[in-house]
Structure formats: structure tokens, C-alpha cells
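Following: one structure in C-alpha cells, then a few remarks.
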Amino acid sequence: MYAQMVETGVDAVRTAADMGGDERAFQARIDADIRIEPKDWMPEAYRKTLIRQMSQHAHSEIVGMLPEGNWITRAPTLKRKAILMAKVQDEGGHGLYLYSAAETLGVSRDAMTADLLSGKAKYSSIFNYPTLTWADIGAIGWLVDGAAIMNQIPLCRCSFGPYARAMVRICKEESFHQRQGYDIMLSLARGTPGQKAMAQDALDRWWWPSLMMFGPSDAESVHSAQSAAWKIKLLSNDELRQRYVDQTVPQADHLGITMPDPDLAWNADRGHYDFGAIDWAEFHAVVRGNGPCNRDRLATRVKAWEDGGWVRDAAMAHADRRAARAAAAAA
Ligand code: FAQ
């Protein structure tokens, strides 16, 4: 499956000839599907790759709270408000599990946060788009959580134990999120013509960015080949994107709304949907910081960090006092 990626991937994949004894033994464990745990020996590059991906994933969950958080005060009913609040809190929880899982690799949460706030670390491109109407909340649950699940189910079987285990619960919660988003879309699609038009408009704006969530094409993906060899990635960016299209098109049909892609067509020979070209220039612009909301998102996170300074100081002062009391009692 990965032969083609290994040939075209930009990062050179390490071969047995490049490896010392420890690394050969490590790769043999991976090849035998034995999980790697934090205290096991691992190549520095494996550790760094995981820290990069897991911290970016955690940042995505935290920044991902912002577009939906924007609608908590304006959800149309008390029930929708309660559901949305629970969903946004879940995303915060996912960020925390992922930061904790990444900390087992020897990086501190403060260091990861500093990289997010300075703009050094990435987070998913999708969260740099605005939520303009209530229908966007339905579209995010349906499409964005749907794409997240497609990407994350294989991560439950990835080679690094803490990441794989964190993903099990996250996927269960994302599945509830996806259903609540689809339920919002269903209500709108079965509502007045104006509500159905809102659902269509949200699909028009979120469809292409949701396809970009899976990352660059396999031919352009820098890290895929090595991450596949290490079984961090079990399916390639393009394979996941295709599965997502195949799963999502019938869901749009059921809603009675239309994908904004004139090239979308069932290909009976391939047994998959063909779809149109992704605007990679837009993807790269968003990843480089020039999407519609990048600056706002980062400014909001920086402000939240600064506003929370007194809480961190108070917690540290309390911890110091407790430690001093315990030391005095032990003396
Ligand atoms: N956005 O060589 P590859 C969610 C970067 S969670 C921004 O293919 P890789 C839940 C990539 O980092 C969504 N940057 O890289 C939720 C790399 O740059 P670097 C997040 C992107 O790592 C729902 C460069 O491009 N999910 O939605 C993107 O092998 C609703 C080259 O790319 C995860 O993070 C992008 N879309 O594959 C929350 C899942 N794509 O690091 C709230 C775990 C690529 O060298 C509301 N992550 N880049 O500077 C992964 O599976 C992988 O990291 C990929 C990228 C597939 C994202």
C-alpha cells in the first residue's frame, strides 16, 4: 500500500543499512505490531515526529473550540445550547489527553503551549475559517468531526501506546459530535426553504476546507513515508480523503443538498467517487497563517493565556505552600 508513497515521499525513509542495533530492534517491534511505550528505547526522530504530530493535534482541539464556542450564546434552543456546550468541552478534554500523552515523550505542556502561542506550531487549517451562521455548527459536526474520525480511527492502532489509547475515547466522543452535527443539518434540510438554503450555504463553504484537513497529496506529503514505516500513519492522506468522500456524498444526498463540486461523480470501475481538484494554493496560504481567521484565532489564544496568568500563579502559590507545610511536618 505504501510502496508508492515510499518512492515519492519527501523525507528519506531509513533503511536497515542506516540503522544501528537498537534501531533495528525497534523497527522489528514495530513490524511485529508491538506497541512502543514511553520508557522504551526509540529513535530521536520517532520521538520528534510524535511530539510534532501529537502537539499539533492537541492544539487543533483547543483552537477548534473557538469557531463553535462563538455560537454557544446564540444556539437556537436550550437543548441545542446544552449539547453544543458539552461538545466544546469535549474538545477541550481531547486537547488535554493529547497534551498529557505527548508529555510522556519528555516535552512539557508549557513548551508546547509556548510554540502554539508564538505561531511556531501548527494546528489544523480548518479552524481558520469563520462560523457565519447556525448552519455552520451543523456543518462542523457533520463534516469536520466526520473528517477527524476518518483520520483518527486508524490512530487507535498506531505504534505509540499513549497516543493510540488516547484516541479510543476521543473517537467515541467525536462520533457523538458527528451525529449531533448531522442532526442539525437534518433539521435545517427538512425546515423552511430559507433553512435549507442555510444548510446548502454551509456545505458550500465547509466542503473543500474539510477535504484539506487530510493534508497534502501523498506525492507532496513530507512526513508520510517515514510515518508509515513507523506505523504512526496506517493510511495515507489521499486514502483517507477518498474514504471520507465516499462516506460523505451519500449523507449529503440524504439531506437533499448538493456538494459544491461539478466534477464529483461515481466511478463504477474504481468503486469510488471521483472528485474535483483541491485548491492547494488556498491550503498553503491558510497553513502559512493567511487564512480568514488565523490572526484572530491566535490572538484569542494569547489573550486567554494572559488572562489565565493569575489562576496559574494562585495554583503554584497554593502548591508551594502545601509543599512547605508537608516539609515542616516531616522535619
Ligand atoms: N492543517 O507531511 P504531511 C479535529 C502540515 S482534530 C495544517 O502530510 P503529517 C477535532 C503538516 O503538519 C484535527 N497543517 O504531515 C475537532 C506538515 O507540517 P510540519 C486535527 C497541515 O503530519 C473537530 C506539512 O503540512 N487532527 O478536527 C495540515 O504526516 C471539531 C506536511 O504534511 C490531527 O491533527 C492541515 N490540515 O500529516 C475539534 C490528526 N495537513 O509539521 C474541534 C493527527 C498537513 O512539517 C471541532 N494528525 N499539515 O510543519 C495527522 O494525522 C497528520 O499530522 C496530518 C498531516 C494528516 C494532519
TODO: Mind listing the long-range amide H neighbours of residue 36? Cut-off is under 5 Å, sequence gap 5 or more, other chains count too, H placed in the peptide plane at 1.01 Å from N.
DONE: 160, 161
Task: Given charges at Cβ of Lys, Arg, Asp, Glu: region 8-152 dipole, positive-most of 21, 96, 144 - done: 144
Task: Dipole of region 243-302, positive direction: furthest Cα of 284, 249, 300, with charges on the beta-carbon - done: 300
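With each run of n ≥ 4 DSSP H residues scored as -39500 (n - 2.57), what mean residue ellipticity at 222 nm is computed for the chain after dividing by its residue count and rounding to the nearest 500 deg cm²/dmol?
For the chain, the value works out to -20500 deg cm²/dmol.
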TODO: Positive end of the charge dipole of the chain (Lys, Arg +1 and Asp, Glu -1 on Cβ, about the Cα centre): tell me which of 126, 181, 310 has its Cα farthest that way.
DONE: 310
Task: Computed FRET value (nearest 0.05) for residue 17 with residue 302, which takes r as the C-beta separation and R₀ as 56 Å - done: 0.75
Open item on the list: Rounded to the nearest 20 debye, what is the charge dipole size of region 20-81 about its Cα centre when +1 sits on each Lys and Arg Cβ and -1 on each Asp and Glu Cβ?
Closed with: 560 debye
- [ ] Under a cut-off of 19 Å between alpha-carbon atoms, report the lysines in cross-link reach of residue 231, not counting same-chain residues fewer than 8 places apart.
- [x] 39, 48
TODO: Could you give the size of the charge dipole of region 199-331 about its Cα centre, using +1 on the Cβ of each K and R and -1 on the Cβ of each D and E, expressed in debye and rounded to the nearest 20?
DONE: 1160 debye
TODO: Would you look at the GNM of the chain, springs on alpha carbons closer than 10 Å, and say which of 240, 105, 155 moves the most?
DONE: 105
Task: GNM top mover of 146, 291, 276 - the chain, alpha-carbon springs below 10 Å - done: 276
Open item on the list: Among 79-86, 131-138, how do they line up by average Cβ neighbours within 10 Å per residue, starting with the highest?
Closed with: 131-138, 79-86
- [ ] Please say if region 121-185 is rounded, prolate or oblate, where rounded means a/c under 1.5 for a ≥ b ≥ c the square roots of the C-alpha gyration tensor eigenvalues, and otherwise the choice is prolate for a/b larger than b/c and oblate otherwise?
- [x] oblate
Task: Percentage, to the nearest whole number, of Cα pairs in the chain over 30 Å apart - done: 40 percent
- [ ] Could you pull out the pairs from 122/303; 81/122; 122/233 whose alpha carbons sit more than 21 Å apart here?
- [x] 81/122
Open item on the list: Is there a quick way to get the dipole size of the chain? I mean about its Cα centre, with the Cβ of Lys and Arg at +1 and of Asp and Glu at -1; what is the value in debye to the nearest 20?
Closed with: 1320 debye
TODO: Quick one: among 309, 69, 215, which has the greatest mean-square fluctuation in a GNM of the chain with alpha-carbon springs under 10 angstrom?
DONE: 309
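We did not get these values from a lab; they are worked out from the coordinates using the rules stated. All values derive from a computational prediction rather than experimental measurement. Neighbour counts are summed over all protein chains in view; Cβ atoms, including those assigned to glycine, are modelled from backbone coordinates with ideal geometry.
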